[in-house]
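The numbers here are math on the coordinates, done by the rules we state, and not lab data. Please read these numbers as outputs of a predicted model, since none were measured by experiment. When we count neighbours, we look across all protein chains shown, and the Cβ atoms used for this are built from the backbone with ideal geometry, even at glycine.
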Amino acid sequence: MDYVKREHEFYENKWGLVFPSWKKEKKPYLKKEAGVEGRRGLELIKNHISHGVVLDIGCGGGRNSVLFAKAGFTVFGIDFSEKAVCLAKINAKEQGVAVTFGIGDALKLRYDNDYFDAVLDFGLFHHLRKSQYEKYIKNVIRVLKCRGYYLLYCFSTESEKTSRYESGKRNWALFNGHIYHYFSKEEITKIFSKEFNILNYELIKEEGRKLAFNLVLLQKK
């Protein structure tokens, strides 16, 4: 099975846990409501712009798309999973906000150049392979307006889980062909500094999950 097909099946299975009627699920990213990272991310963006056009890459069930739409932004959300997009549309309708959702690939963004004021990534980048980073960043840069904002939320090496990987010598793991990459602040800087300036960096720890996340606001140079 090729990588793309395997990834598609992975996400369809994940969203199948709550599809089609938002069954209760403990994992935060499978919930309808935005979490602390979404609310904090919105605060960071609103420190710079009060309105504009936003793209939520890997939007899942739309919880952060809905949050930004409620705050007055025009929001587009894309996801690899048909089930996730279906749930996102239901979520937005129930919340009474308009969001344009669709099936999409972060490595093949089908939007005009310089279209978005901000691009959001709550938990997609840390599942990409290193060979995909350059293509991903080129896509984000292309659709962002000059001096546009990019909000990244990804696994941190401060997570307790990373100590398991070769006694802490490795910052990634592969489960059923699906990558989990844990980033340090230094690695994020190295990957993105050519195209972006880092405006804000924060560490967010989830209670009870032994996980830590980087929340980073960057601006296109």
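For K130 and E82, calculate 0.36 nm times their separation in residues minus their Cα-Cα distance, and state this gained length in nm to one decimal. Please list the in-between numbers first.
Values: separation 48, 0.36 × 48 = 17.28 nm, distance 2.52 nm.
Length gained, K130 through E82: 14.8 nm.
Normalising by the residue count of the range 36-220, find the relative contact order in percent from Cα pairs under 8 Å and 6+ residues apart. The partial results should precede the final answer.
Values: 367 pairs, mean separation 36.3, N = 185.
Computed over the range 36-220, the figure is 20 percent.
Return the loop-located trypsin sites (Lys or Arg not before Pro) in the range 1-94 (DSSP other than H, G, I, E, B) with at most 12 other Cβ atoms within 10 Å of their own Cβ; answer none if there are none.
K23, K24, K26
At 0.36 nm per residue, and after removing the present C-alpha to C-alpha distance, how many nm does the segment from R39 to L174 gain when stretched out fully?
Residue separation times 0.36 nm, minus the Cα-Cα distance, leaves 45.6 nm.
Residue by residue through the range 110-126, what is 3J(HN,Hα) from phi via Karplus (6.51 cos²θ - 1.76 cosθ + 1.60, θ = phi - 60°)? Round to whole Hz and write x for glycine and proline.
9, 10, 5, 4, 6, 8, 9, 7, 8, 10, 10, 9, 9, x, 9, 4, 6
Within the range 1-39, which residues have the backbone N less than 17 Å from the label spot 7 Å out from K93 along Cα→beta-carbon, could you tell me?
Flagged as within label range: 19-23, 32.
Can you run phi through the Karplus equation (6.51, -1.76, 1.60; θ = phi - 60°) for the range 95-100 and list ³J(HN,Hα) in whole Hz, with x for Gly and Pro?
Per residue, the Karplus-derived 3J(HN,Hα) values read 7, x, 10, 9, 9, 8 Hz.
Pull out the extension gain between C146 and K205, defined as 0.36 nm times the separation in residues minus the alpha carbon to alpha carbon distance; nm, one decimal. Show your work: numbers first, answer last.
Working: separation 59, 0.36 × 59 = 21.24 nm, distance 3.21 nm.
So the chain would gain 18.0 nm between C146 and K205.
Quick one: if the Förster radius is 41 Å, what FRET efficiency do S193 and E12 give, using the C-beta to C-beta distance and rounding to 0.05?
The calculated FRET efficiency here is 0.70.
Could you tell me what a quarter of the Cα convex hull surface of the chain works out to, in nm² with one decimal place?
11.5
Under a GNM of the chain (C-alpha, springs under 10 Å), which listed residue has the highest mean-square fluctuation: L203, L174, L107?
L174
Taking amide H atoms as placed 1.01 Å from N in the peptide plane, list the residues 5 or more away in sequence, or in a different chain, whose amide H sits under 5 Å from that of T157.
F183, S184
What value, in deg cm²/dmol to 500, does the helix sum -39500 (n - 2.57) over DSSP H runs of n ≥ 4 give at 222 nm once divided by the residues of the chain?
Rounded to the nearest 500, the figure is -9000 deg cm²/dmol.
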